[in-house]
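What follows is a set of notes on a single structure, which appears directly below.
The values are calculated or read from the model by the stated rules, or taken from the named source; none is laboratory data. The structure displayed is predicted, hence computed values, not measured ones. Here the Cβ positions follow ideal geometry from the backbone for every residue, glycine too, while neighbour counts run over all protein chains shown. Just the protein is used for accessible areas: all its heavy atoms, side chains included, with ligands, DNA and RNA removed. Shrake-Rupley method; radii C 1.70, N 1.55, O 1.52, S 1.80 Å.
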Amino acid sequence: MGMLNTLIDVVYPPHCLSCGGTVGAGGGLCGACWREAQFLGGTRCDLCGVPLPGDTAAAPLICDACARVERPWSAGRAALAYDGTGRKLVLALKHGDRTDLPRAAAGWMLHAAGDLVTRDMLAAPVPLHWFRLFRRRYNQSALLAAEVARQAGMAWCADLLQRKRATPSQKGKSHEARFANLAEAITAHPKRQGQIPGRTILLIDDVMTSGATLGACADACLRAGARDVRILVLARVLRDT
């Protein structure tokens, strides 16, 4: 198998997941894209993973955005800042048919999550409305959730939640408008809600901005009887929105 992989790399040299340039190993980033990627570590908000100044020993640590809005989840992490390489990867996954990205992305996400993730959790993606799923052909958050679950050895459900109505894009909306846009739009899937009571649900999404969508999903899980909800995203928008 080792010789076969070497031969494949010679015939089809591995490429950077972001820019497409040749790299030394498959499934990675070139030096330039790695330097441009802002992986989120160190002192972070316990609810969303955004970097914070201060001592890592202090707890709990909550950023200004999470202090302003009551989060229905108990803990959260993000792998990358939604900027530079992080933004390019999210957009490529969402709009560029880059279904090869979740394998590496899930590894970064689990590294950022640390002990936030346990094998007894049930992973679930943020759902797309059926019409948007039809147009895009896949749910990028479901691809991430499937790979996170596989690498972590946990159960997952692709359609644990559903969007009852199509919601306009969140892009360009104010903080308040984002939350209003998602009001009562997401519920537990009637055929899957029996999996939720008493479980800790790990919600997976590609990017978190205000947290309105993740909040609506967490509320739906709690209404269906979840014991706890945590979130894990590929990228976090750092600027105040």
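Residue 155 fulfils the conditions (1) open to solvent by 20 Å² or more (accessible area, probe 1.4 Å); (2) closer than 27 Å to residue 45 by Cβ; (3) among the aliphatic types (A, V, I, L, M) except for a single criterion, (2).
Mind checking whether some residue in region 97-115 is acidic (Asp, Glu), farther than 19 Å from residue 199 by Cα and part of a loop (DSSP other than H, G, I, E, B)?
The answer is yes, given that some residue of region 97-115 is acidic (Asp, Glu), farther than 19 Å from residue 199 by Cα and part of a loop (DSSP other than H, G, I, E, B).
Of the residues that sit in region 132-176 and are polar (S, T, N, Q) and more than 15 Å from the chain's Cα centre (by Cα), which one is modelled with the highest pLDDT? Ranking the qualifying residues of region 132-176, first place goes to 162. Here region 99-119 is the region considered, the condition is being open to solvent by 60 Å² or more (accessible area, probe 1.4 Å) and over 15 Å from residue 231 (Cα atoms), and the residue that is modelled with the highest pLDDT is 103.
Within the set 225, 194, the sole residue that is open to solvent by 40 Å² or more (accessible area, probe 1.4 Å), modelled with pLDDT of 95 or more, closer than 20 Å to residue 119 by Cα and of a type in the set (Gly, Ala, Ser) turns out to be 194. Does residue 89 satisfy the condition of being assigned to a helix (DSSP H, G or I), touching a strand residue (DSSP E or B) at 6+ places or on another chain (Cβ under 9 Å), open to solvent by 20 Å² or more (accessible area, probe 1.4 Å) and touching a residue at least 24 places away in the same chain (Cβ under 8 Å)? No; evaluated as a whole, the condition is false for this residue. Scanning region 123-143 for residues that are open to solvent by less than 30 Å² (accessible area, probe 1.4 Å) and not in a loop (DSSP other than H, G, I, E, B) turns up 123, 124, 125, 140, 141, 142.
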